[in-house]
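**Student:** Handing you this structure, nothing more for now.
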Amino acid sequence: LGGRITPDLVAGAVFVLGPIPSGVPTDRIRSVFDGVFRAHSPAGVLEETGVLPPGAPTDFFVATNGASWVLVASAQRVIHVGRTGTVINEIPTGEFPTAIAPIGNYGVFVTHDDGTLQVIYADGTILFGGDGVGDTSEDGALGAAVQVGVVTDFAPENPSSWIWASGQERLIRLNPQGNVIVDVNMGPGNAIADISGSSNPDGSVYVLLPDRIEKRVADGSLDHVQQLPPSTSPTRIAVTAAPDIDGVSHDRVAVLNPSSNQVFIYDWSRNNDVIALSTVTTGD
């Protein structure tokens, strides 16, 4: 679904593997640099280029319709790039944008370091929390800006248009209009390292904490806890669908622990039966 490849392969660039949108026969590997957008075929052939505002890209994702969204924080702009590399729109964000993530109907959320949230539709219309036509202040304060706090990670739900977001010790769930529906305070000492949505379209989310993984259901309540090996410092979590076992659906959950160069892999069933499959050493 257009997730970022981290760490970045080239300093100052962000790479994503794009989805296969309707009507496009092949996938694209897309990259954004200072002032330029590129898309290559899987064979490495350059097939799309586009011009971006000057400035290092700070966040990037590919929507499921094949269009790309690029955040250039220094330019205070979100750039909407079409399937062929043509820039469709540049939307002002206001000051200090920090991250972007997809919403329903191919739109985008933008978070800011003051804790406010902006919602932009695919046609460039700003629903709230940003600047619109006739407002030249670009202060990010037009309309009813929503206070969501410090947001560092998003987990779009699959395949719905709702989204989970987290920052510090707070986990929230937002609807496609940007309204906060669930707000969970994880408590002191429970800083959230990362989150990832389940492959099951039930609204659940996996939350990575310093010593454990918590699975939380759509209303934010705790469903199950999986303790991680002792003396770990995990930084990232990823979830994908796993093969059914005896007719029961499973998620495959991977947790990156850079301090030991290891990835912990689990099969996690809908019944919360968790099997520790393997520990993979990643090298340097």
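**Student:** Condition first: within 25 Å of GLY197 (Cα to Cα), open to solvent by less than 10 Å² (accessible area, probe 1.4 Å) and outside any loop (DSSP other than H, G, I, E, B). Can you find one or more residues in region 39-57 that meet it?
**Tutor:** Within region 39-57, none of the residues are within 25 Å of GLY197 (Cα to Cα), open to solvent by less than 10 Å² (accessible area, probe 1.4 Å) and outside any loop (DSSP other than H, G, I, E, B).
**Student:** Out of VAL263, VAL253, VAL225, I need the residue that is within 18 Å of the chain's Cα centre (by Cα) and assigned to a strand (DSSP E or B). Which one?
**Tutor:** None of the other options fit; the residue is VAL253.
**Student:** Quick check, is VAL207 under 23 Å from ASP113 (Cβ atoms), modelled with pLDDT of 95 or more and not in a loop (DSSP other than H, G, I, E, B)?
**Tutor:** It is true that VAL207 is under 23 Å from ASP113 (Cβ atoms), modelled with pLDDT of 95 or more and not in a loop (DSSP other than H, G, I, E, B).
**Student:** Moving to a separate point now. So which residues in region 81-94 are under 21 Å from the mean Cα position of the chain (by Cα), modelled with pLDDT of 80 or more and open to solvent by 80 Å² or more (accessible area, probe 1.4 Å), if there are any at all?
**Tutor:** Within region 81-94, just GLU90 meets the criteria.
**Student:** Determine, yes or no, whether ALA122 is modelled with pLDDT under 70, assigned to a loop (DSSP other than H, G, I, E, B) and either over 24 Å from PHE33 (Cβ atoms) or open to solvent by 10 Å² or more (accessible area, probe 1.4 Å) (or both).
**Tutor:** no
**Student:** Taking ILE237 and the conditions (1) within 24 Å of ASN271 (Cα to Cα); (2) surrounded by fewer than 20 Cβ atoms within 10 Å (Cβ to Cβ), which numbered condition does it fall short on, given that it satisfies the others?
**Tutor:** That leaves (2) as the condition not met.
**Student:** Can you tell me which residue within region 187-218, out of those that are hydroxyl-bearing (Ser, Thr, Tyr) and touching a residue at least 40 places away in the same chain (Cβ under 8 Å), is farthest from LEU171 (Cα to Cα)?
**Tutor:** Among them, the one singled out is SER199.
**Student:** How many residues, within region 68-105, are of a type in the set (D, E, K, R) and not in a loop (DSSP other than H, G, I, E, B)?
**Tutor:** 2
**Student:** Additional query: For the structure I just gave you, tell me whether LEU228 is within 24 Å of TRP164 (Cβ to Cβ), crowded, with 18+ Cβ neighbours inside 10 Å and without any contact (Cβ under 8 Å) to a residue 24 or more places away in the chain.
**Tutor:** no
The values are calculated or read from the model by the stated rules, or taken from the named source; none is laboratory data. Not measured: the values here are computed from a predicted model. Don't worry about glycine lacking a Cβ; one is built from the backbone with ideal geometry, like all the others, and counts go over all protein chains shown. Side chains are part of the model used for accessible areas, which takes the heavy atoms of the whole protein and leaves out ligands, DNA and RNA. Shrake-Rupley method; radii C 1.70, N 1.55, O 1.52, S 1.80 Å.
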